[in-house]
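Enquirer: One structure follows; several queries about it will come next.
The values are calculated or read from the model by the stated rules, or taken from the named source; none is laboratory data. Nothing here was measured: the structure is a model prediction, and the numbers come from that model. Here the Cβ positions follow ideal geometry from the backbone for every residue, glycine too, while neighbour counts run over all protein chains shown. For the accessible areas, the whole protein counts, side chains as well, though only heavy atoms, and no ligand, DNA or RNA atoms are used. Shrake-Rupley method; radii C 1.70, N 1.55, O 1.52, S 1.80 Å.
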Amino acid sequence: MKLFPRLLAPAAALLSLGAAAPLGAQSITENHFQAVNLTIADNSIIGASSTQTFGPGIGDTAVFSITQVTVTLNITGGFNGDYYAYLQHTDPSGNSTIAILLNRSGRTSTNLDGYLDAGLSNVVFSDAAANGDIHLYQSVVNPSGAALTGTWQPDARAVNPATATDAATRSAFLSAFTGADAHGAWTLFVADFAAGGQGIFVDWNLTITGVPEPGTVAVGALLLGALAWHQRRRFARQGPPKS
Ligand SMILES: [Ca+2]
């Protein structure tokens with residue numbers, strides 16, 4: 001049976017050429033890092049923001065349908081109970097979606113200042129985080145004034161950060177991006193909503209998992225189809241390969 005190897009070898013070569021754009025609906029994960037280093041103005045709605053825009057072309061996203069988004073965020077200094085942060089995606093059609101990452105961590109009816117820890121060190125936001133809600137992180141770990149670390153669920157309370165407490169309903173999770181085309185503009189906005197203390201929005205990383213663009217799948221299928229047609233033509237002229 002030499003027929004299959006002879007058919008499959010060129011097919012495998014085609015597949016390896018197209019390794020960056022796998023055939024079929026295989027999931028891919030991309031990391032998009034952005035250095036920022038902007039001061040988050042104390043007690044100001046102006047805040048600090050960073051936008052990554054993905055258009056068609058090299059270096060942009062290949063994710064056509066998102067299955068999961070996570071974010072890694074670094075903030076130095078300030079007070080964590082002052083911070084409000086969201087991730088916004090505006091797709092190529094102009095539709096905007098928001099996930100609320102931070103909304104005055106630790107702020108409750110009996111602690112209106114929130115937590116006084118200073119910043120986030122490589123904190124990962126993931127809806128699936130076992131640590132739970134970042135709003136109440138001190139019920140799990142206490143950084144004792146230092147930066148928070150670890151993987152946490154986003155705050156998800158889409159309420160006014162001037163008055164937000166743990167009592168608000170959580171609704172704005174990262175799952176809001178599920179099913180979206182990853183192209184368009186991704187903005188991470190951070191603001192400080194209480195006087196005293198000031199921090200720096202250092203950097204962020206956007207991790208997108210999803211299914212590649214159908215265009216890359218269609219091209220791969222077209223190449224394999226052309227290969228099969230070529231082999232059938234050869235067999236028609238020469239007969240199948242002798243074993
Ligand atoms: Ca402040």
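Enquirer: Spin-label point model (7 Å from Cα, Cβ direction): what's the Thr151 to Ala130 distance in nm?
Expert: Reported label-point gap for Thr151 and Ala130 is 0.9 nm.
Enquirer: At a 10 angstrom cut-off on C-beta neighbours, averaged per residue, how do the peptides 126-136, 27-37 rank from highest to lowest? Please list the in-between numbers first.
Expert: Working: 126-136: 17.2, 27-37: 13.3.
In descending order of packing, they fall as 126-136, 27-37.
Enquirer: If you count, for each residue, the other Cβ atoms within 10 Å and average over each peptide, how do 43-49, 61-67 line up from highest to lowest?
Expert: Working: 43-49: 14.6, 61-67: 19.4.
Result, highest mean Cβ count within 10 Å first: 61-67, 43-49.
Enquirer: Per residue, how much accessible surface does the stretch 25-215 expose to a 1.4 Å probe? Answer in Å², no decimals. Please report the intermediate quantities before stating the final value.
Expert: On the way: 7920 Å² over 191 residues.
Averaged over the residues of the stretch 25-215, the accessible area is 41 Å².
Enquirer: Using a 1.4 angstrom probe on heavy atoms only, work out the carbon and sulfur share of the accessible area of the stretch 25-215 in %. Please report the intermediate quantities before stating the final value.
Expert: Details: 4160 of 7920 Å².
After summing per-atom areas, the C and S share lands at 53 percent.
Enquirer: A follow-up question, please. Within a Cβ distance under 15 Å of Asp42, other residues only, what is the Lys/Arg minus Asp/Glu net charge?
Expert: Result for the local shell: -2.
Enquirer: Strictly greater than 23 Å: what percent of every Cα pair in the stretch 25-215 meets that? Could you put the intermediate results ahead of the total?
Expert: On the way: 6999 of 18145 pairs.
Percent of Cα pairs beyond 23 Å in the stretch 25-215: 39.
Enquirer: Can you work out D for the stretch 40-98 in µm² s⁻¹ from Stokes-Einstein, where Rh is the Kirkwood radius over C-alpha pairs, the temperature is 37 °C and the viscosity is 0.692 mPa s? Working shown, then result.
Expert: On the way: Rh = 14.4 Å.
Here the translational diffusion coefficient equals 228 µm²/s.
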